[in-house]
Amino acid sequence: MCKMKFLQILRKAAASQNRSRVSSISANSGLFARQVHSQPFQPGASFGIAFDIDGVILRGDTPIGGSPEALKRLYDDSGTLKIPYVFLTNGGGVPESKRANELSKLLNVHILPSQVIQGHSPFKQLVKRFENELVIAVGKGEPAVVMSEYGFKNVLSIDEYASYFEHIDPLRQYKNWTKQQASYKKKSSREMTGRDDPCSQRVKAVFIVSDSVDWSRDIQVLCDIMSTGGLPGTEISRQPPLYFANDDLSYQGLFPTERLGMGAFRIALESIYNRIYPNALEYISYGKPNPFVFKHAENILMQLVGSSISNQINGQYPLKTLYMIGDNPLVDIDGARQAGHHWFSILTRSGVFKGKENHPWYPADLVVDTVEEAVDYILRKEAISI
Ligand SMILES: [Mg+2]
């Protein structure tokens, strides 16, 4: 699809998401109020911090850049949170509650599920639209569990969905990781009858929750779903909606150089689809640098300090400065810049960015080596000694 059309769709989606967000926040205000009462912040705390995870806090599962020490400074001696912060990552594949537990163990601090904003977190805003419809969840980890926890009631992982269609992946016999799919198939013949059969139900939406594990199978099956209006093996029909949790071309993993990310998978799928089918692939990508996710982080940070949206409207902005600490100029720094002047971007040299000076095209407000240096700078600037 042309870039203009994509931007239009993106803006339209962001506008409607913002509307639904306001209602979901008010519905949960009681819960947030309880959380806030249990977390007495310093009076007058007027800033919040958003941390990227990969390349800033962790590399793989290993803490880097003094991250446990840096985070510890945001709590008092009894382990109570003093400075509002969230994790704002494009990564994902597991529910926020599970990721919060994992991070708490790795970093030795107590992290709430609400403090973990992943690439796919905005998908929960689409529950009302697709609650009972058949939707497909793609990616590593537990993509269908993530979507079920958000409230989607008829969701299948692409692994399970593909297993119901014989010969949909002609290379399957050469792949030695398909044992799980065999067990899905057994379940299918035993439990599925008539209208429950996913092969006869139209897929109403596809969500790329995390990185595709099997590009060749996923690109094939997604082309089948997208080109047929959600009924693989049938004639060409209108494309169902397609959502990506992020559009990162690459990311810094454990290997010395960057790895291909979800954005690379999107380019592969889009290029192939557009060469074969008459209508260009349409999709919406969330995740950083989309300003929408920075707004979401801002809302969560405000909820953490017990501020309401009405405060913002009355001109008494409760969080004067929001700090984004990230390692990727295109994603973290450009995103913070687009999100508004109250965002202050700090680029670390502990991941994707390794330059001596600032990034030439997406310069940060500050460049440091590690997250520990970044937190030290923030606490000194805000005159907070902990
Ligand atoms: Mg990163």
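Of the residues examined, Asp211 is not one that is of a type outside the set (A, V, I, L, M, F, W, C), farther than 23 Å from Gln173 by Cα and either assigned to a loop (DSSP other than H, G, I, E, B) or within 16 Å of the ligand (Cβ to nearest atom) (or both).
Counting only residues that are out of contact with any strand residue (DSSP E or B) (no Cβ under 8 Å at 6 or more places or on another chain) and under 16 Å from Lys175 (Cβ atoms), segment 147-162 holds 3 of them.
Checked against the criterion of being free of Cβ contacts under 8 Å to residues at least 12 places away in the same chain and not small (Gly, Ala, Ser), segment 79-97 has no qualifying residue.
Let me confirm something: among Leu322, Leu347, which residue is within 21 Å of Asp54 (Cβ to Cβ), away from the ligand (no atom under 16 Å from the Cβ) and within 22 Å of the chain's Cα centre (by Cα)? The conditions single out Leu322. Of everything listed in (1) within 20 Å of Leu134 (Cβ to Cβ); (2) in a loop (DSSP other than H, G, I, E, B); (3) of a type outside the set (Val, Ile, Thr), the single unmet condition for Pro289 is (1). Restricting attention to segment 369-386 and to residues that are within 22 Å of Gly253 (Cβ to Cβ) and buried (at least 16 other Cβ atoms within 10 Å of the Cβ), the residue that is farthest from the ligand (Cβ to nearest atom) turns out to be Glu372. Scanning segment 47-95 for residues that are of a type in the set (Ser, Thr, Tyr) and either out of contact with any helix residue (DSSP H, G or I) (no Cβ under 9 Å at 6 or more places or on another chain) or away from the ligand (no atom under 12 Å from the Cβ) (or both) gives Thr62, Ser67, Tyr75, Ser78, Thr80, Tyr85. Which ones in segment 110-134 are crowded, with 17+ Cβ neighbours inside 10 Å and over 26 Å from Pro291 (Cα atoms)? Across segment 110-134, the qualifying residues are Glu133, Leu134.
Please enumerate the residues belonging to segment 240-280 that are within 16 Å of the ligand (Cβ to nearest atom) and aromatic (Phe, Trp, Tyr). Within segment 240-280, Tyr251, Phe255 qualify. Apart from one condition, Leu107 fits all of (1) within 28 Å of Leu304 (Cα to Cα); (2) free of Cβ contacts under 8 Å to residues at least 24 places away in the same chain; the exception is (2). Tell me whether segment 367-382 contains one or more residues that are within 20 Å of Thr62 (Cα to Cα), in a helix (DSSP H, G or I) and of a type in the set (Val, Ile, Thr). Scanning segment 367-382 turns up at least one residue that is within 20 Å of Thr62 (Cα to Cα), in a helix (DSSP H, G or I) and of a type in the set (Val, Ile, Thr). Pairing residues of segment 239-264 that are within 18 Å of Leu281 (Cα to Cα) and modelled with pLDDT of 90 or more with residues that are in a helix (DSSP H, G or I) and among the polar types (S, T, N, Q), at Cβ distances under 8 Å and at least 6 apart in sequence or on separate chains, gives Gln239/Ser227. When segment 327-386 is examined, which residues are found to be of a type in the set (Asp, Glu) and in contact with a Phe, Trp or Tyr (Cβ under 8 Å, 6 or more places away or on another chain)? Once the filter is applied, which keeps residues that are of a type in the set (Asp, Glu) and in contact with a Phe, Trp or Tyr (Cβ under 8 Å, 6 or more places away or on another chain), segment 327-386 yields Asp327, Asp334, Asp365, Glu382. Only residues that are of a type in the set (A, V, I, L, M) and at pLDDT below 95: list them for segment 75-93, please. Scanning segment 75-93 gives Leu81, Ile83. Test Leu222 against the stated conditions and say whether it is of a type in the set (A, V, I, L, M, F, W, C), modelled with pLDDT of 95 or more and either under 29 Å from Pro329 (Cα atoms) or buried (at least 16 other Cβ atoms within 10 Å of the Cβ) (or both). Yes, satisfied.
Of the residues making up segment 320-366, those that are in a loop (DSSP other than H, G, I, E, B) and not aromatic (Phe, Trp, Tyr) number 20.
Answer yes or no as to whether Glu133 is of a type in the set (Asp, Glu) and assigned to a helix (DSSP H, G or I). So Glu133 fails the test. Selection over segment 122-160 of residues that are at pLDDT below 95 and closer than 25 Å to Leu81 by Cβ gives a count of 2.
The values are calculated or read from the model by the stated rules, or taken from the named source; none is laboratory data. Every value quoted in this text rests on a predicted model; they were computed, and no experiment measured them. Positions of Cβ are generated from backbone atoms using ideal geometry, with glycine treated the same way; all protein chains shown enter the neighbour counts.
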